[in-house]
Amino acid sequence: MMIPYVAVMNSPLDPVALRAEAHDPRAGSVVVFEGCARNHHDDKDVELLAYEAFESMAVTELEKLRTEAMERFGLTQCIIHHRIGVVPLCEAAVVVVTASAHRKESFEAVVWIMDIIKERVPIWKRERYTEGGESWVEGEQRH
Amino acid sequence: MLTVLCFARYRELLGFDRAEFPLGAEGTLGELLADPRFASLPKDALLAVNRTFVDRQQPLKDGDEVALMPPVSGG
């Protein structure tokens with residue numbers, strides 16, 4: 001099955017399959033980043049995360065982001081998949097694969113891509129806390 | 001007609017997720033958002049028309065899809 005280079009999906013992500021797509025004899029460096037559901041945020045214990053997206057716009061923004069990253073860092077490949085719906089602790093909410101001739105570009109590209117995702121890709125996180133209660137996360141703030 | 005979509009916390013804040021609004025005399029998104037129904041919309045809201053980020057000066061036309069979005073928190 002053809003794996004899309006960018007995707008927003010309501011099912012577990014498959015970093016191994018995405019890494020295989022970066023197979024390229026020009027790539028001396030392949031970086032696989034998984035952003036995983038973490039059990040705390042500041043001082044609160046988190047039990048569960050759930051993500052919502054404006055799906056069609058999120059895919060468009062991820063496509064733009066991928067194109068920009070490929071050009072900016074001279075990548076041989078770039079794949080970005082984001083999960084929505086409930087993401088249990090330890091599971092990946094986002095997987096980014098970057099490949100380049102040398103390691104610096106692919107490492108830097110992942111950091112840059114994650115920064116831009118947190119700036120302009122329309123996806124929102126909701127946290128449920130162990131002590132009870134839930135809140136939306138907006139940028140760095142909780143509501 | 002305009003379609004207005006609200007996401008995440010804004011659904012509860014504004015009380016709808018999708019609504020149709022007649023294209024009134026308002027020429028820009030800012031003028032549409034001056035309607036009292038949008039009074040609770042936070043100043044830092046992200047705005048899009050037809051899935052492209054815009055600001056309040058964006059002119060509106062019949063059939064446009066307006067999205068009202070909180071600051072994002074993916075990743």
- Item | Residue match in the stretch A:52-60 (condition: farther than 26 Å from residue A:139 by Cβ and either outside any helix (DSSP H, G or I) or within 14 Å of another protein chain (Cβ to nearest Cβ) (or both)) | no
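Of the residues A:33, A:73, A:54, which is over 30 Å from residue A:129 (Cα atoms) and among the aromatic types (Phe, Trp, Tyr)?
Values: A:33 fails: over 30 Å from residue A:129 (Cα atoms); A:54 fails: over 30 Å from residue A:129 (Cα atoms).
Only one candidate passes the filter, namely A:73.
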- Task: Considering only residues that are touching a strand residue (DSSP E or B) at 6+ places or on another chain (Cβ under 6 Å) and in contact (Cβ under 8 Å) with a residue 60 or more places away in the chain, look in the stretch B:44-65 and name the one that is surrounded by the most Cβ atoms within 10 Å (Cβ to Cβ).
- Result: B:64
- Query: When you go through (1) at the interface with another protein chain (Cβ under 10 Å from one of its Cβ atoms); (2) at pLDDT 95 or above one by one for residue B:16, which number turns out not to apply?
  - Reply: (1)
- Breaking point among (1) touching a residue at least 12 places away in the same chain (Cβ under 8 Å); (2) exposed (fewer than 14 other Cβ atoms within 10 Å of the Cβ); (3) more than 18 Å from residue A:83 (Cα to Cα), for residue A:43: (1)
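Rundown of residues vs (1) surrounded by 17 or more Cβ atoms within 10 Å (Cβ to Cβ); (2) in contact with a Lys or Arg (Cβ under 7 Å, 6 or more places away or on another chain); (3) farther than 18 Å from residue A:47 by Cα, yes/no style:
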residue: A:63; (1), (2), (3): no, no, yes
residue: A:74; (1), (2), (3): no, no, yes
residue: A:99; (1), (2), (3): yes, no, yes
residue: A:105; (1), (2), (3): yes, no, yes
residue: A:115; (1), (2), (3): no, no, yes
residue: A:127; (1), (2), (3): yes, no, no
residue: A:140; (1), (2), (3): no, no, yes
- Item | the stretch A:46-61, residues that are surrounded by fewer than 21 Cβ atoms within 10 Å (Cβ to Cβ) and among the acidic types (Asp, Glu) | A:47, A:52, A:55
- Message: What are the pairs with Cβ atoms under 6 angstrom where one residue, in the stretch A:1-26, is in a helix (DSSP H, G or I) and the other, located anywhere, is surrounded by fewer than 17 Cβ atoms within 10 Å (Cβ to Cβ)? Sequence gap at least six, or different chains.
- Response: A:15/A:34; A:21/A:3
- Applying the selection to the stretch B:19-75, what residues are within 14 Å of chain A (Cβ to nearest Cβ) and small (Gly, Ala, Ser)? B:40, B:45, B:48, B:67, B:73, B:74, B:75
- Task: Assess whether residue A:132 counts as being at positive phi and within 14 Å of chain B (Cβ to nearest Cβ).
- Result: no
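The values are calculated or read from the model by the stated rules, or taken from the named source; none is laboratory data. It should be emphasised that the depicted structure is a prediction, and the values quoted were computed from it without experimental measurement. Methodologically, a virtual Cβ is constructed for each residue, glycine included, from the backbone with ideal geometry; neighbour enumeration extends over all protein chains shown.
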